[in-house]
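Visitor: Here it is, the structure, as structure tokens.
Just so you know, all these numbers are worked out from the coordinates, no wet-lab data involved. Everything numeric in this text was worked out from a predicted model, so none of it was measured. Cβ placement follows ideal geometry from the backbone for every residue including glycine, while neighbour counts extend to all protein chains displayed.
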Amino acid sequence: MLHIIKSYLKFLWKSKNEHGVHSPFVFSLVTKCFYDKKKYAEYSILKSYRNSLLANKNKIEVTDFGSGSRVFKSNTRAIDQIAMNAGISSKRAELLFRIANYFQPENILEIGTSLGLATSALSLGNKNSKITTLEGCPETSSIAKKQFQEFKFDTINPVVKEFSEYLKSYQLTADSYQLIYFDGNHSKQATLNYFDLLLPTVTNESVWIFDDIHWSQDMEEAWEIIQNHPKVTVTIDTFQWGIVFFRDEQLKEHFVIRA
């Protein structure tokens with residue numbers, strides 16, 4: 001907790017709004033997407049999706065996986081508590097919706113489904129997107145799948161598999177995914193492994209979003225390594241997320257933006 005407080009104070013000191021952004025690409029993203037004040041009809045669907053989970057008091061066996069499908073934690077938790085404490089916040093879900101709506105990716109990969117709160121935001125952002133969402137825990141994935149069916153999110157493909165195992169087995173190419181949301185194993189090594197495994201999918205239009213980049217010193221180190229990678233040109237630190245672009249025409253530049 002102390003680490004996060006210190007990191008947030010540092011973020012506030014460094015962060016800017018649109019007035020401190022001189023890149024036309026980032027300025028457009030910040031003004032037309034991050035700070036878009038329109039009340040989209042999809043927000044009410046996101047709220048209904050969340051409320052249906054918050055009303056579910058049933059308990060499930062939650063299993064988390066380390067590398068190589070090694071179980072390192074298993075416990076019983078109520079669905080409403082998972083949605084309340086482990087899921088994406090309402091504000092972040094709306095921003096994720098706007099990002100998907102802004103870029104209109106055809107194919108999306110989500111690493112870490114949980115109960116599908118973020119997945120629903122991605123799906124609503126572009127209803128034609130084909131979404132592959134990976135989850136290691138079969139119980140939470142099962143709940144998410146029922147939610148997708150209930151809310152008629154027909155383009156989502158839930159996959160229950162250890163993340164690295166799936167990425168190594170899949171034939172990744174430059175047209176595999178245009179947007180990737182990393183919200184799985186929040187550790188330095190796992191994050192960097194996913195980053196390396198997914199590099200073959202990178203194009204000029206790729207958008208990668210890393211969750212919890214300031215969660216720990218470990219994750220901050222991973223974020224710094226990603227920022228310095230030669231293929232990465234533009235990064236945006238919103239504190240909760242690190243957003244990465246690989247645009248050839250952009251000078252390498254890092255932004256810290258209040259979103």
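Visitor: Which trypsin sites (Lys or Arg not before Pro) in the stretch 93-135 sit in a loop by DSSP (not H, G, I, E or B) and have at most 16 other Cβ atoms within 10 Å of their own Cβ?
Guide: Here the sparse-neighbourhood loop sites are K127.
Visitor: Using a 10 Å cut-off on Cβ atoms, rank the peptides 37-50, 84-97 from the highest mean neighbour count down.
Guide: 84-97, 37-50
Visitor: Given the options A83, A121, A174, which has the most mean-square fluctuation in a GNM of the chain, springs set between C-alpha atoms less than 10 angstrom apart?
Guide: In the Gaussian network model the winner is A174.
Visitor: Direction-averaged shadow area of the convex hull around the Cα atoms of the chain, nm²?
Guide: Across all orientations, the chain yields a mean hull projection of 13.2 nm².
Visitor: Given the options S52, S141, S169, which has the most mean-square fluctuation in a GNM of the chain, springs set between C-alpha atoms less than 10 angstrom apart?
Guide: S169
Visitor: At a Förster distance of 51 Å, what's the computed FRET efficiency of D175 paired with S48, Cβ-Cβ distance as r, to 0.05?
Guide: 0.95
Visitor: Just to confirm the filter: which GluC sites (Glu not before Pro) across the stretch 208-259 are DSSP coil and have at most 11 other Cβ within 10 angstrom of their Cβ?
Guide: Answer in residue order: E249.
Visitor: Let me ask another. Mind pulling the angle between the C-alpha long axis of helix 217-228 and the longest principal axis of the chain? Nearest 10 degrees, somewhere in 0 to 90.
Guide: Once rounded, one gets 50 degrees.
Visitor: Could you tell me which of P24, F11, Y49 has its Cα farthest along the dipole of the stretch 3-49 towards the positive end, charges placed at Cβ (Lys, Arg +1; Asp, Glu -1), taken about the Cα centre?
Guide: After comparing all options, I get F11.
Visitor: Mind pulling up the Rg/Rh value for the stretch 121-242? Radius of gyration and Kirkwood radius, both on Cα.
Guide: 0.96
Visitor: Hey, another quick one. Take the chain, connect every pair of alpha-carbon atoms lying under 10 Å apart with a spring to form a Gaussian network, then pick out the residue of T203, T140, T76 with the largest mean-square fluctuation.
Guide: Among T203, T140, T76, the largest GNM mean-square fluctuation belongs to T76.
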